[in-house]
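The values are calculated or read from the model by the stated rules, or taken from the named source; none is laboratory data. Only a predicted model underlies this, so the values are computations on that prediction, with no experimental measurement involved. Reconstructed Cβ throughout: ideal geometry from the backbone, glycine too, with neighbour counts over all protein chains shown.
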Amino acid sequence: MIACYTLKVQVERFEHSPVGHLVPIHGYDGQLGRDYEHFAFVPDALPSTVGMRQHTLRLLSEADRAIGALQAMTRLLPRPSLLVQPALTQEAVATSALEGTYAPLMDVLEADYVDVSKQSAQVREVRNYVRAAQRGLTLIEHLPICMRLASELQQVLVRGTRGDEYDAGRVRQRQVCIGDRGQGIVGSRFVPPPNGPILEQGLSDWEKWVNADSDMPLLVRVALSHYQFETLHPFSDGNGRIGRLLITLQLIVARVLQFPILNLSPWFEPRRDAYIDHLLQTSETGDFDPWIAFFAEAVKVRAEVACSTIDTLLTMRQHFIDTLRRDKARGLALYLAGDLIGYPVLSVSDITSQYEVSYPAANSAVERLVRLGLLHETTGGNYARVFRCDAVIRAIQAS
């Protein structure tokens, strides 16, 4: 009875959509162990223009300015690349939490120094996102935003997790659904297009649209691209995380960001229901404006937060350097103090490799920073001597 009611609600919700249509599907639902008959939503190709309210246009303008300010702020850093690893780690934690995978930031930062067998499944999964993001930054040097790119990143993302199944790294070979897994396909909240020619055509259209010349404002294009990617749901697992990673990569490809330091997931995560509702309501009503406004606000707020965090880290970096100078430090210890904002968790072995110095020299520099209160040892059960800078970690967590 519940399944029949849900089926009716889903059909009534999407059957008159101006931006897509329903297609009948049937098959065997492995979750419930029985056959099913239902309908899947197939989005139309994205439009070349969209109508927007004045409020949305204002938010887009503010978001553009905030991104511009963030770009300018990164130029104040002696080494902007220092912010990449902390930013990717923070995004990894938040984007994974959006999908129900929770891991403390500290555990993720220290994972390099913990035997894999002692890491939680959640930490390993979050770490996979960092690896996928790093791979994505390399791939966009010679690939456009496309399914080849997304597929490779998805394979990295799910490696060794519950999503690492026969179709990992490929467009899904099965029907998926969004909602309570225990309710099966018929009882789900949303059913994306069926696998096969319909899905493949939708993804081909998405690729062409994303890479076509357009007068549409960039943030509007990115918002619509994300909607379409999530609605098509090309993979059996990891669609949300890959879709949000593609947002960052699109902004870098478009050269409005030089480094992946704009994290939207910390804004989406506490608004998870609104985030999902906006995507579903777009399919239902065909009105892109509310989703674009929601997306623009996320960009604006998170760009402003990133600027504030960089300002905090710059101040902190100068304090570290001043502390070392007052202690008459020179050379390695001084360089190390200046780089703590990018490497708040490190080992002596890391330093020997990164700065190409001897182990005794690295150890001496670390001991000096420990004596001055900038680092403290947290080795515990790790297989290397590990140190962390709590001030930097608190700044990252606060952002």
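Residues in the range 114-147 that are crowded, with 17+ Cβ neighbours inside 10 Å and among the acidic types (Asp, Glu): 1 in all.
Going by the conditions given, is residue 127 in the same structural domain as residue 15 (by TED's automatic domain parsing), touching an Asp or Glu at 6+ places or on another chain (Cβ under 9 Å), more than 30 Å from residue 218 (Cα to Cα) and of a type in the set (D, E, K, R)? No. Scan the range 148-188 for residues that are closer than 30 Å to residue 255 by Cβ, over 16 Å from the mean Cα position of the chain (by Cα) and buried (at least 18 other Cβ atoms within 10 Å of the Cβ) and jot them down. Of everything in the range 148-188, just one residue is closer than 30 Å to residue 255 by Cβ, over 16 Å from the mean Cα position of the chain (by Cα) and buried (at least 18 other Cβ atoms within 10 Å of the Cβ), namely 171. Scanning the range 215-243 for residues that are in contact with an Asp or Glu (Cβ under 9 Å, 6 or more places away or on another chain) and among the basic types (Lys, Arg) yields a count of 1. Scan the range 350-358 and tell me whether some residue there is surrounded by fewer than 16 Cβ atoms within 10 Å (Cβ to Cβ) and either of a type in the set (Asp, Glu) or under 21 Å from the mean Cα position of the chain (by Cα) (or both). Checked against the condition, which is being surrounded by fewer than 16 Cβ atoms within 10 Å (Cβ to Cβ) and either of a type in the set (Asp, Glu) or under 21 Å from the mean Cα position of the chain (by Cα) (or both), the range 350-358 yields at least one hit. Against the conditions (1) within 23 Å of the chain's Cα centre (by Cα); (2) of a type in the set (Phe, Trp, Tyr); (3) at pLDDT below 95, residue 227 satisfies every one except (3).
Please determine whether any residue of the range 70-77 is in a helix (DSSP H, G or I), of a type in the set (A, V, I, L, M, F, W, C) and buried (at least 17 other Cβ atoms within 10 Å of the Cβ). Scanning the range 70-77 turns up at least one residue that is in a helix (DSSP H, G or I), of a type in the set (A, V, I, L, M, F, W, C) and buried (at least 17 other Cβ atoms within 10 Å of the Cβ). Has the range 260-273 got any residue that is among the acidic types (Asp, Glu), touching a residue at least 60 places away in the same chain (Cβ under 8 Å) and either in the same structural domain as residue 23 (by TED's automatic domain parsing) or at negative phi (or both)? Within the range 260-273, one or more residues are among the acidic types (Asp, Glu), touching a residue at least 60 places away in the same chain (Cβ under 8 Å) and either in the same structural domain as residue 23 (by TED's automatic domain parsing) or at negative phi (or both). Taken together, the criteria place residue 50 among residues that are in the same structural domain as residue 293 (by TED's automatic domain parsing) and surrounded by fewer than 20 Cβ atoms within 10 Å (Cβ to Cβ).
Return only the number of the condition from (1) farther than 30 Å from residue 341 by Cβ; (2) of a type in the set (S, T, N, Q); (3) touching a helix residue (DSSP H, G or I) at 6+ places or on another chain (Cβ under 9 Å) that residue 90 does not satisfy. So the condition that residue 90 fails would be (1). Taken over the range 85-103, the residue count meeting the criterion of being more than 17 Å from residue 275 (Cβ to Cβ) and either charged (D, E, K, R) or at pLDDT below 90 (or both) is 2.
For residue 29, are the conditions met, namely being assigned by TED's automatic domain parsing to the domain that holds residue 225 and farther than 22 Å from residue 136 by Cβ? Yes. When 248, 282 are screened for being polar (S, T, N, Q), within 15 Å of the chain's Cα centre (by Cα) and either closer than 22 Å to residue 214 by Cα or surrounded by fewer than 23 Cβ atoms within 10 Å (Cβ to Cβ) (or both), only 248 passes.
Counting only residues that are of a type in the set (Asp, Glu) and assigned to a helix (DSSP H, G or I), which one in the range 285-313 is surrounded by the fewest Cβ atoms within 10 Å (Cβ to Cβ)? Full working, then the answer.
Pass one, the range 285-313, residues of a type in the set (Asp, Glu): 287, 289, 297, 304, 311.
Narrowing the set further to residues that are assigned to a helix (DSSP H, G or I) leaves 289, 297, 304, 311.
Values: 289: 17, 297: 17, 304: 17, 311: 12.
The residue in question is 311.
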